[in-house]
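These notes concern the structure reproduced below.
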Amino acid sequence: MEKLKSALIDYSVAVSNKGNNYRMKKLMARAEAGEKLNIAFLGGSITQGSVATRPELCYAYRVFEWWKDKFPKAEFTYINAGIGGTTSQFGAARAAEDLLSYEPDFVIIEFSVNDDSNEHFMETYEGLVRKVYTYRTEPAVMLVHNVFYNNGANSQLMHSRIGRHYGIPSVSMQSTVYQAVVSGRIPNRDITPDDLHPNDAGHELVASVITYGLEEIMKAQPDGEPPRFPEPLTANAYEDSVRYRNINSGPELAGFVKDTAKQSHITDCFKYGWTAGNTGDAISFEVEGSCIAVQFRKSVRLPAPVAEIVIDGDESTRMILDANFDETWGDKLELYTVMEHGENKKHKVDIRLIETHPDDAAEFYLVSVIGSGR
């Protein structure tokens, strides 16, 4: 059935940016020689494997299996760093710990349905791409643009500018799988239950578009040298993002309590933060950078507390952090940008609970504060 569906896709338009194949060809030569190589994926819920009935049926693992099938002499390790409901802004802040610490040789970056199509996320995406591309292992990078299957929406327009700027091979579901859905060749409910997350058949199609791009690189003549590494296209404040959590920072606590439970997996997001449950409870950080963001838990268990965040005591920066989540699918790891392109210096970040309830079903959970800037 999946093979029949794949026959209905025009793969000739799968590659949205051919890019420079120097690193990819070098990696394939190493695989052919039988080296030990790390195959990694960084993205949102689609990369994590949401809706796939088994982890081995998600697109990422299918692409990993392509490497194993094509290069049987090599020894490959699979690294899936997908976290549902997260953007490239968080990706840039966690890439060092969740991805680069595994010394990747090949990396797929997939955030085109998580990021909005605007200049903010073009900048955060560039920071992430630069952070991965400049890592000491010199990984071969591929950009994957997934899509909403009901309307074709994604951030490919913004993300592809970054791909072209750095000469990175990229593939698109917007020009392939989505077009087959729009034309009626593939009914959308055959490949996705919600017009976003692929089912098993959908994951296979996504993987087929990616492996088509890899096959094209295999057949192509090698580029003689890697692409030049240009100056940033954006202000690029997010390449050096730092997450302040209780394992690497010591904020002033006034009612907030450190969460000492161990994290079991990267998707176990609500760990290494701080909790609070009483009006007036406060926590204060010193954060360096020109951009500041905060991560907290929005809870489906209602009611939940409400907090505020203020930068440098300036009331004009005040933002409300409402932990009440009006969805039912589960607690959300929320990220708010509190300051962007401010003064690049050390800032005082104050968070305080301003509303609690006698019957609160969940405490306020502060996951991290993120400082960015160059």
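Once amide H atoms are built 1.01 Å from N in the peptide plane, which residues 5 or more positions from Glu288, or in another chain, come under 5 Å H to H?
Excluding prolines and chain starts, which carry no amide H, the hits are His347.
Return the tail of the calculated pair distribution for the stretch 57-118, meaning the percent of Cα-Cα pairs more than 18 Å apart.
Counting every Cα pair in the stretch 57-118, those more than 18 Å apart make up 43 percent.
Could you run the Karplus curve 6.51 cos²θ - 1.76 cosθ + 1.60 with θ = phi - 60° over the stretch 111-119 and give me ³J(HN,Hα) per residue in whole Hz, x for Gly and Pro?
For the stretch 111-119, the Karplus curve yields 9, 6, 9, 9, 7, 6, 8, 8, 5 Hz.
At a 1.4 Å probe radius, carbon and sulfur cover how many percent of the accessible area of the stretch 253-374?
Summing carbon and sulfur atoms, their accessible area is 46 percent of the total for the stretch 253-374.
Suppose all protein chains stay in the model; what accessible area per residue would a 1.4 Å probe give for the chain, in Å²?
42
From the residues Asn146, Leu366, Val63, which one has its Cα farthest along the dipole of the chain in the positive direction, the dipole being from +1 and -1 charges on Cβ of Lys/Arg and Asp/Glu about the Cα centre?
Sorting the options by dipole projection puts first Val63.
Quick check: convex hull of the Cα atoms in the chain, volume per residue, rounded to a whole Å³?
137
For Asn20, which sequence-distant residues (separation of 5 or more, or a different chain) have an amide H within less than 5 Å of its own amide H, given hydrogens modelled in the peptide plane?
For Asn20, the qualifying residues are Ile168.
With θ taken as phi - 60° and the coefficients 6.51, -1.76 and 1.60, list the Karplus ³J(HN,Hα) couplings across the stretch 120-128 in order, rounded to whole Hz; mark glycine and proline as x.
4, 6, 5, 6, 5, 5, 5, x, 5
Carbon and sulfur together cover what percent of the accessible area of the stretch 39-86 at a 1.4 Å probe radius?
46
Relative to the longest principal Cα axis of the chain, at what angle does helix 59-70 sit, 0 to 90 degrees, rounded to 10?
40
Report the one residue of His265, Ala293, Ser241 whose Cα lies farthest in the direction of the positive end of the charge dipole of the stretch 235-296 (charges on C-beta: Lys and Arg +1, Asp and Glu -1; origin at the Cα centre).
Value computed over the given set: His265.
Using a 1.4 Å probe on the protein chains only, how many percent of the accessible area of the stretch 144-202 belongs to carbon and sulfur?
51
May I ask you to give the average projected area over all directions of the convex hull of the Cα atoms of the stretch 8-137, in nm² rounded to one decimal?
Mean orientational projected area (the stretch 8-137, Cα hull): 8.9 nm².
So how tilted is helix 22-32 from the main axis of the chain? Cα-based, degrees 0 to 90, rounded to 10.
It is inclined by approximately 70 degrees.
Just list whichever of Lys25/Lys131; Lys5/Lys68; Lys3/Lys298; Lys36/Lys219; Lys258/Lys298 have alpha carbons separated by over 29 Å in the model shown.
Correct reply: Lys3/Lys298.
Can you work out the Karplus-derived ³J(HN,Hα) for every residue in the stretch 265-275? Use 6.51 cos²θ - 1.76 cosθ + 1.60 with θ = phi - 60°, whole Hz, and x for glycine or proline.
6, 4, 7, 7, 6, 8, 9, 6, x, 9, 10
Dividing the convex hull volume of the alpha carbon atoms of the stretch 171-263 by its residue count, what do you get in Å³ per residue?
Roughly 271 Å³ of hull volume per residue.
If Lys and Arg each add +1 and Asp and Glu each add -1, what is the summed charge of the other residues whose beta carbon sits under 12 Å from the beta carbon of Glu334?
For residues surrounding Glu334, the net value is 0.
Which percent of Cα-Cα pairs in the stretch 226-342 sits in each 5 Å bin, short to long?
Computed distribution, short to long bins: 2, 9, 16, 21, 21, 14, 8, 4, 3, 1, 1, 0.
Compute, for the chain, the length of the dipole vector about the Cα centre, with Cβ point charges of +1 (Lys, Arg) and -1 (Asp, Glu) only. Units Debye, rounded to 20.
So the magnitude is around 1280 debye.
List every residue whose amide H lies under 5 Å from the amide H of Ala140, counting only residues 5 or more places away in sequence or on a different chain, with H placed 1.01 Å from N in the peptide plane.
Amide H to amide H, under 5 Å and 5 or more residues apart or across chains, Ala140 pairs with Phe106, Val107.
The values are calculated or read from the model by the stated rules, or taken from the named source; none is laboratory data. Remember, it's a predicted structure, so these values are computed and weren't measured experimentally. Note that we place each Cβ from the backbone using ideal geometry, even for glycine, and neighbour counts take in every protein chain shown. Note: areas computed on protein heavy atoms with side chains; ligands, DNA, RNA excluded. Shrake-Rupley method; radii C 1.70, N 1.55, O 1.52, S 1.80 Å.
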